[in-house]
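Participant: Have a look at the structure that comes next, please.
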Amino acid sequence: MRDWDAERVAAAAGARVMAGAAAGPVRAVIDSRAIGPGDLFVGLPGSQVDGGRFAAGALEAGAWGVLVAPPWGDGLAGGAVLAADDPLAALGSLARAWRRELGSAVIAVTGSVGKTSTKDLIAALLAGERSVVASRANFNTEIGMPVEILGAPAGTEVLVLEAAMRGFGQIAELAAICEPDVGVITNIGPVHLEQVGSLEGVARAKGELLVGMRDGGTAVVPAGEALLDPYLRPGLAVRRFGDGGDVVLDGDAVVADGDRLELELAFTARHQRTNALAAVAAALAVGVRPSGRVEAPTGALRGELVELPDGAVVVNDCYNASPLSMRAALDDLAGRQAAGRRVAVLGDMLELGADEAALHREVGSLAGEAGVELLVTVGPRAAAMLDTFDGEGYAVADAGEAAALTAELIGPGDVVLVKGSRGVGLEVVAPALAVAEAPRG
């Protein structure tokens with residue numbers, strides 16, 4: 001947006017100019033503490049504090065300008081001052097205008113699990129062939145997605161964006177902002193059931209991405225997922241991935257429409273290989289035939305490996321959890337070499353609604369099938385896993401207790417999976433185990 005003056009920025013945002021400025025902003029920022037020269041600070045109203053109160057400080061810190069509700073703009077000087085009755089809606093409108101100005105192909109990714117990994121795999125597959133901007137972790141809401149779009153520089157050829165939801169209507173809102181050319185749905189599973197009621201509700205919420213796409217776009221969906229069929233209208237090209245689809249695995253080879261790709265997947269976890277198939281389908285949809293070696297994506301609390309001094313290893317995968325992601329993590333644990341035991345520290349899975357007890361018991365069975373010998377459950381819901389687990393098991397109330405107990409129980413060579421919904425706070429476990437196992441002088 002560097003070439004857009006204040007009047008053009010305001011018109012795109014549906015705002016009015018209270019004070020002008022030359023040139024245009026580099027990016028949009030919603031945290032006044034992160035302001036740098038050339039930024040547009042957007043003061044969003046919050047449940048406790050209205051961000052508009054920090055507008056004067058943002059200008060003093062060198063911001064190009066501010067976009068705030070009208071009362072906060074009075075008397076401000078030192079940069080552009082733009083006023084909008086609804087700054088959040090203005091942020092989304094500005095992002096949509098910049099997306100159109102860029103002319104980039106937009107790939108939007110949603111699904112019950114695997115969104116971030118698939119987004120990162122798409123970006124990796126495209127990186128050698130296109131100028132790519134991919135959204136950062138957590139920047140997948142009606143606030144985060146516009147910020148990512150507005151941070152994309154001129155010349156960006158492909159935007160790869162993640163779309164999250166908590167209920168109906170939210171992905172539709174995101175699709176209206178980013179106007180995707182390719183919509184990827186990784187899977188449909190039991191998440192957010194308290195909000196959407198059923199798997200059919202999950203499919204409806206995720207299917208908003210496909211409903212919001214223009215005719216001529218491409219839908220990338222799992223093969224055999226009938227719950228998405230109602231949203232696959234004739235105006236969309238459809239690419240299916242996984243067994244029986246257009247993009248499949250033949251042994252270790254990736255095959256698209258019967259054609260073997262020169263692509264090496266440097267990971268064996270089943271869920272990541274499935275994510276890779278979705279990523280390949282998305283890359284092909286924007287005209288890129290991927291090749292070469294592809295590494296597994298990594299991120300904070302997403303399958304991080306933490307080596308303990310005694311040779312035990314923690315698989316720190318506690319960013320979030322659902323029945324699908326628990327299954328995937330346990331499958332991965334089953335495939336890992338372990339000199340000692342396979343251990344799982346599994347916390348509550350939240351927002352599962354009326355079926356939560358049955359879904360937790362199912363995870364207990366899966367843990368046994370994965371070869372887990374020691375299971376520590378964390379929280380009142382997760383305790384139900386022990387009903388169906390035949391090995392050594394303990395139930396604790398919170399993450400602190402889990403860390404203390406697990407430190408006493410694990411031994412050299414053990415492989416320890418730590419996973420649960422973010423609200424359980426299991427991110428404290430791996431650091432606590434590393435401290436507990438550290439040599440003492």
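Participant: Quick one: which of Asp310, Asp317, Asp259 is surrounded by fewer than 18 Cβ atoms within 10 Å (Cβ to Cβ), outside the structural domain of Thr118 (by TED's automatic domain parsing) and either out of contact with any strand residue (DSSP E or B) (no Cβ under 9 Å at 6 or more places or on another chain) or at pLDDT below 95 (or both)?
Facilitator: Numbers: Asp317 fails: surrounded by fewer than 18 Cβ atoms within 10 Å (Cβ to Cβ); Asp259 fails: outside the structural domain of Thr118 (by TED's automatic domain parsing).
Testing whether each residue is surrounded by fewer than 18 Cβ atoms within 10 Å (Cβ to Cβ), outside the structural domain of Thr118 (by TED's automatic domain parsing) and either out of contact with any strand residue (DSSP E or B) (no Cβ under 9 Å at 6 or more places or on another chain) or at pLDDT below 95 (or both) leaves just Asp310.
Participant: Looking at the range 335-345, which of the residues that are hydrophobic (A, V, I, L, M, F, W, C) and modelled with pLDDT under 95 is nearest to Arg270 (Cα to Cα)?
Facilitator: The initial filter retains those residues of the range 335-345 that are hydrophobic (A, V, I, L, M, F, W, C), namely 338-339, 343-345.
Applying the additional criterion that residues be modelled with pLDDT under 95 yields 338-339.
Details: Ala338: 18, Ala339: 22 Å.
Residue satisfying both the conditions and the ranking: Ala338.
Participant: In addition: Go through (1) touching a residue at least 40 places away in the same chain (Cβ under 8 Å); (2) touching a helix residue (DSSP H, G or I) at 6+ places or on another chain (Cβ under 9 Å) for Thr116 and report which single condition fails.
Facilitator: Condition (2) is where Thr116 drops out.
Participant: Pull up the range 195-222, narrow it to residues that are assigned to a loop (DSSP other than H, G, I, E, B) and touching a strand residue (DSSP E or B) at 6+ places or on another chain (Cβ under 9 Å), then point me to the one that is surrounded by the fewest Cβ atoms within 10 Å (Cβ to Cβ).
Facilitator: First, the residues of the range 195-222 that are assigned to a loop (DSSP other than H, G, I, E, B): 197-198, 212-217.
Narrowing the set further to residues that are touching a strand residue (DSSP E or B) at 6+ places or on another chain (Cβ under 9 Å) leaves 212-213, 216-217.
Numbers: Gly212: 22, Met213: 23, Gly216: 9, Gly217: 19.
Out of the qualifying residues, it is Gly216.
Participant: Within the range 336-347, does at least one residue satisfy the condition of being surrounded by fewer than 23 Cβ atoms within 10 Å (Cβ to Cβ) and under 30 Å from Val220 (Cβ atoms)? Before the answer, list the steps.
Facilitator: First, the residues of the range 336-347 that are surrounded by fewer than 23 Cβ atoms within 10 Å (Cβ to Cβ): 336-342.
In the following step, the residues that additionally are under 30 Å from Val220 (Cβ atoms) were identified as 336.
Yes, the range 336-347 has at least one match.
Participant: Looking only at the range 366-383, count how many residues are of a type in the set (A, V, I, L, M, F, W, C), assigned to a helix (DSSP H, G or I) and either closer than 14 Å to Leu330 by Cα or not assigned by TED's automatic domain parsing to the domain that holds Leu346 (or both).
Facilitator: As a first pass, look at the range 366-383 and keep what is of a type in the set (A, V, I, L, M, F, W, C): 366-367, 370, 372, 374-376, 378, 382-383.
Among the residues that remain, those that are also assigned to a helix (DSSP H, G or I) are: 366-367, 382-383.
Retained after the next criterion (residues that are either closer than 14 Å to Leu330 by Cα or not assigned by TED's automatic domain parsing to the domain that holds Leu346 (or both)): 366-367.
Residues meeting the conditions: 2.
Participant: Then there's this: Out of Leu126, Leu91, Leu121, report the one residue that is touching a residue at least 24 places away in the same chain (Cβ under 8 Å) and farther than 28 Å from Ala328 by Cα. Even if it seems obvious, please write down each step before you answer.
Facilitator: On the way: Leu126 fails: farther than 28 Å from Ala328 by Cα; Leu121 fails: farther than 28 Å from Ala328 by Cα.
The conditions single out Leu91.
Participant: For the range 130-155, enumerate the residues that are in contact (Cβ under 8 Å) with a residue 24 or more places away in the chain and among the polar types (S, T, N, Q). If you could, list the steps in order and put the result at the bottom.
Facilitator: Step one: list which residues in the range 130-155 are in contact (Cβ under 8 Å) with a residue 24 or more places away in the chain, which gives 130-135, 137, 140-143, 145-147, 149-152, 154-155.
The answer is Ser131, Ser135, Asn140, Thr141.
Participant: Search the range 223-247 for residues that are in a loop (DSSP other than H, G, I, E, B) and pair each with any residue that is buried (at least 21 other Cβ atoms within 10 Å of the Cβ) and among the aromatic types (Phe, Trp, Tyr) when their beta-carbon atoms are under 7 Å apart and the residues are at least 6 apart or on different chains.
Facilitator: Once the first residue is in a loop (DSSP other than H, G, I, E, B) and sits in the range 223-247, its partners that are buried (at least 21 other Cβ atoms within 10 Å of the Cβ) and among the aromatic types (Phe, Trp, Tyr) give Ala223/Phe241.
Participant: On to the next question. Sort out for me the helices (runs of 4 or more DSSP H) sitting completely within the range 29-133 that have 1 or more residues that are buried (at least 22 other Cβ atoms within 10 Å of the Cβ) and within 24 Å of the chain's Cα centre (by Cα). Walk me through it before giving the result.
Facilitator: Values: elements: 55-60, 70-73, 87-102, 115-126.
In the range 29-133, the matching helices (runs of 4 or more DSSP H) lie at 87-102, 115-126.
The values are calculated or read from the model by the stated rules, or taken from the named source; none is laboratory data. It should be emphasised that the depicted structure is a prediction, and the values quoted were computed from it without experimental measurement. When we count neighbours, we look across all protein chains shown, and the Cβ atoms used for this are built from the backbone with ideal geometry, even at glycine.
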